[in-house]
Each structure stands twice: as C-alpha cells, then as structure tokens.
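Below is one structure, written out as structure tokens; comments come after it.
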Amino acid sequence: RYFWMAKWGEGLYRWDGARWDLFEPKNGFPSIYPIMLCVTPGPDGQQVLWASSYDRGLAYYTDERWRVLNTSTGLPANGIYTLLGSGGTKPTLWMGTRGGGLASLDLSGWYVVDSQSGLPSDEVNAFLESQDARGQNRFWIGTSRGLVRWEQGAWHLDDERSGLPQSHICSLLATRGQGGETTIWAGTLKGLAKREGTRWRHI
C-alpha cells in the first residue's frame, strides 16, 4: 500500500511507509502541476492509478511506469480539473477538462461532451452522481458557467437565476439525512449553496 500526494509545482509524491519518492518529468510523470488522483479497476483485476495535470494531460501508473494520454491520443484538452471513476463490467473514467468539456474513457475509446453538445462551458470543474426520491440516478456537472444535470434526455441548467450565488462551480457534494432524503451542495467562487426543492439557497 502507498500514500500518494499531488504537490503543485513539484509533481507527484509516493510514501511507502519509510520514504518519499517524487515522480516528475525527469522520471516519467509528465507534469509538475498534478491536480487530482483516481483509482479504477484494470482489465486484469489490478487497480490502475490515474493522475490528472494542469498542462500535460492524463497519466496512469501500471507495471511501475507512467503512461500518458493527451491531445495527440484523443483527449480534448491537456488540462484536467477533476476525475471520476466508475467500476462494473465496463470501467469508465470521467474527466472534467480545462477548455475541452466533459470527456469519458472506457474500453471502447473516447466520448466527449462540450459546449457544442449542450454544456454551458467547456471548463468542467466538478462531478456528482446522486439519487432522487424515486431512486433515479442523476449526474451533475459543475462548470465555470453554471451547474447542469442530465435528466429525461435533456440538459437542465442551474445558475444565478436558480438561486446560486455564482455560476462558477468549484465542487459538489451529496449528503443523506436521517430520513433518507438527499441534499445537494455546491461550492462556488462566492460561497456555498444548498439545493432546496428546485431552488438554491446561499449558506
């Protein structure tokens, strides 16, 4: 087991219980500006570590070496703000990119959703999966120009007109109350908001 830490301006550190190892461009990791880490199951049953970067694409660590995916291999942008991995029989990795919209990677290849296909912005900063009162799954996407969710075959946008204090979404969280009800929280550049019904309240 290892402890991994992304450090801005230096690279990616790994702690094995006795010492720190630094991964940087000199030894295979592509950038000194890592942002987020994610683990998904690999095709052989082993876990795969993914690391996003601000400027050099997406790196993954297997067999004690780094491999890199970037715009030359189909990634819509080399800056990746956030990662979300889902398992199951068809592992998928979702990426919120810096200027390339929402991208997903699975065994069949790349899939991209951007402003031309309905997102309010090509900068995607946060993801969230939640369930409504009927048990239906909802997928939330926080962008620099509002919060969208895919529901009943269409995009639905929340922004200042819906009660959000600001449209630049930084983070998302779902909490569950004692009665089983789900509350959605959104962190923005102007504070925290809580979703109540179909409206947002600035906390």
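The values are calculated or read from the model by the stated rules, or taken from the named source; none is laboratory data. Everything numeric in this text was worked out from a predicted model, so none of it was measured. All Cβ positions, even for glycine, are placed from backbone atoms using ideal geometry, and neighbour counts span all protein chains on display. Quick note on the areas: whole protein, heavy atoms, side chains included, nothing else; ligands and nucleic acids left out. Shrake-Rupley method; radii C 1.70, N 1.55, O 1.52, S 1.80 Å.
Values computed for the structure shown
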| read-out | value |
| --- | --- |
| Whole-percent carbon and sulfur share, accessible surface of the range 87-203, 1.4 Å | 46 percent |
| Charge dipole magnitude, Cβ of K and R +1, D and E -1 - the chain, Cα centre, debye nearest 20 | 360 debye |
| Assigned charges on the beta-carbon of Lys, Arg, Asp, Glu; the range 19-74 dipole about Cα centre (debye) | 120 debye |
| For the range 22-178: accessible area per residue (Å², 1.4 Å) | 51 Å² |
| Exposure rank, largest accessible area first [ARG176, ARG14, ARG67, ARG1; 1.4 Å] | ARG1, ARG176, ARG67, ARG14 |
| Sequence of ILE184, ILE35 from largest to smallest accessible area, 1.4 Å probe | ILE35, ILE184 |
| Distance from the range 1-71 to the range 130-198 (C-alpha centre basis), Å | 30 Å |
| Residues with amide H under 5 Å from that of ALA126, placed H, sequence gap 5 or more | GLY142 |
| Aspartates and glutamates with Cα under 19 Å of LYS7, excluding same-chain neighbours fewer than 8 positions away | ASP16, ASP21, GLU24, ASP55 |
| Volume in Å³ per residue [convex hull over Cα atoms, computed for the range 1-105] | 98 Å³ |
| Among ALA126, THR97, GLY146 - extreme Cα towards positive end, dipole of the range 92-155, charges at beta-carbon | GLY146 |
| Sequence of HIS168, HIS156 when ordered by accessible area, the most exposed leading, probe 1.4 angstrom | HIS156, HIS168 |
| Probe 1.4 Å - accessible area at VAL39, Å² to nearest ten | 80 Å² |
| Cβ-derived FRET efficiency at R0 22 Å, LEU192 paired with ASN137, nearest 0.05 | 0.35 |
